[in-house]
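Student: Right, I'll just put the structure down here and ask away after.
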Amino acid sequence: MRHLALLLGGAVFVLWAVATLTFFAIRLIPGDPAQAILGGPGSQASQEALDQVRSDYGLDQPLIVQYFAMLGRLLTGDLGTSYSLKVPVAELLGAQITGTLLLAVCSLAAAWVLALGLSLWSTGRGRIASALGQGIELVAAALPHFWLAAVLIAVFSTGLGWFPPVATGTPAGLVLPVTTLAIPLAGFLAQVMRESLIDAMRQPFVVSARARGESALGIRFRHTIRHAALPGISLSGWALGWLLSGAVVVETIFAMPGLGRTLLQAVTLRDIPVVTGVVLLVAFVYVLMTVLTDLVARIADPRLAQEGDR
């Protein structure tokens with residue numbers, strides 16, 4: 001219970017910090033929010049109209065007053081109304097989150113498969129396999145999303161014609177975006193899993209299994225894979241948040257509807273309620289996944305629960 005209370009307290013603090021940083025950071029972007037509400041700089045709105053909008057939205061109040069007003073609305077679950085689209089932010093995000101979550105979850109699952117496969121293949125098979133595995137991990141983890149997306153489109157869409165270059169709403173249209181996000185994450189996860197797998201293979205229970213005549217494959221899948229997966233489970237909450245942030249680039253390149261493109265457009269238009277809503281939603285998903293992965297890790301390894309209750 002003590003550990004759970006600390007997790008919940010940390011979650012509340014993270015959400016407050018994200019809301020605060022977003023509020024002040026978005027106001028550093030050049031431009032007038034009142035003009036964004038009236039259609040942007042090209043709207044040629046009159047000064048009277050700008051003054052009226054500032055009064056209606058509270059933009060004429062001191063910054064600290066606007067900040068506490070924003071916190072008050074968030075505490076009641078009110079994310080406000082989009083300046084540019086004139087629709088409730090909650091409604092807008094609800095329409096966009098499904099595609100982004102599907103992209104992120106599929107990418108996380110693909111990254112797990114790639115990371116586990118690479119870790120199991122390259123560990124305990126000699127120096128050449130180990131060195132090759134480490135090299136693949138380092139290269140994969142360092143690949144930038146925009147470059148990898150361009151290469152995948154050039155090879156598998158333009159060159160081979162296997163997959164569409166943009167999202168089509170079909171499983172085939174998800175392959176390239178998912179691969180773009182999954183490969184760098186798989187490289188990072190594989191690095192962590194391989195070290196854990198090496199450590200597990202040195203443990204006494206592995207020596208006992210070998211003495212009983214159990215095969216190397218059986219030892220890997222029955223004994224060591226659970227220990228290798230624990231760091232990956234713990235990092236899955238961070239990984240999902242990282243994937244959601246990476247969706248900004250991927251959704252833009254592959255013309256996918258989702259939170260990433262919505263956030264990019266909102267920042268460009270200084271649509272403060274939408275920016276705040278997207279960032280808070282991503283932070284909430286990150287916090288939720290962190291709590292869930294912590295609980296799953298404790299189920300997989302009861303020793304963690306015992307340590308947390310001390």
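The values are calculated or read from the model by the stated rules, or taken from the named source; none is laboratory data. Remember, it's a predicted structure, so these values are computed and weren't measured experimentally. Counting neighbours? That spans all protein chains shown, and the Cβs are built from the backbone with ideal geometry, glycine included. Accessible surface areas use protein heavy atoms only, side chains included; no ligands, DNA or RNA. Shrake-Rupley method; radii C 1.70, N 1.55, O 1.52, S 1.80 Å.
Student: Would you list Leu101, Leu185 from the most to the least accessible area, probe 1.4 Å?
Tutor: Descending accessible area places them as Leu101, Leu185.
Student: What does the accessible area per residue of the range 77-173 come to in Å², with a 1.4 Å probe and no ligands, DNA or RNA counted?
Tutor: For the range 77-173, the per-residue accessible area is 54 Å².
Student: If you don't mind, another one. 7 Å from Cα along Cα→Cβ at both Thr98 and Leu138: what's the point-to-point distance in nm?
Tutor: 4.5 nm
Student: Going by amide H atoms built from the backbone, whose H comes under 5 Å of the H on Gln61, apart from near neighbours?
Tutor: Amide H neighbours of Gln61, under 5 Å, 5+ apart: none.
Student: Compute the distance in nm between two label points, each set 7 Å from the Cα along the Cα-to-Cβ direction, one at Leu292 and one at Ser55.
Tutor: A separation of 4.8 nm, rounded to one decimal place.
Student: With every protein chain kept in the model, how would you rank Leu75, Leu102 by accessible area, 1.4 Å probe, largest at the top?
Tutor: Order by accessible area, largest first: Leu75, Leu102.
Student: Between Thr81 and residues 5 or more places away or on another chain, which pairs have amide H atoms under 5 Å apart, with H built 1.01 Å from N, and which residues are they?
Tutor: Val89
Student: Quick one: with all protein chains in place, what share of the accessible area of the range 96-190 is carbon or sulfur, to the nearest percent (1.4 Å probe)?
Tutor: About 77 percent, which is the carbon plus sulfur part of the accessible surface.
Student: So, R0 is 25 Å and r is the distance between the beta-carbons of Val105 and Leu75; what FRET efficiency does that work out to, to 0.05?
Tutor: 0.30
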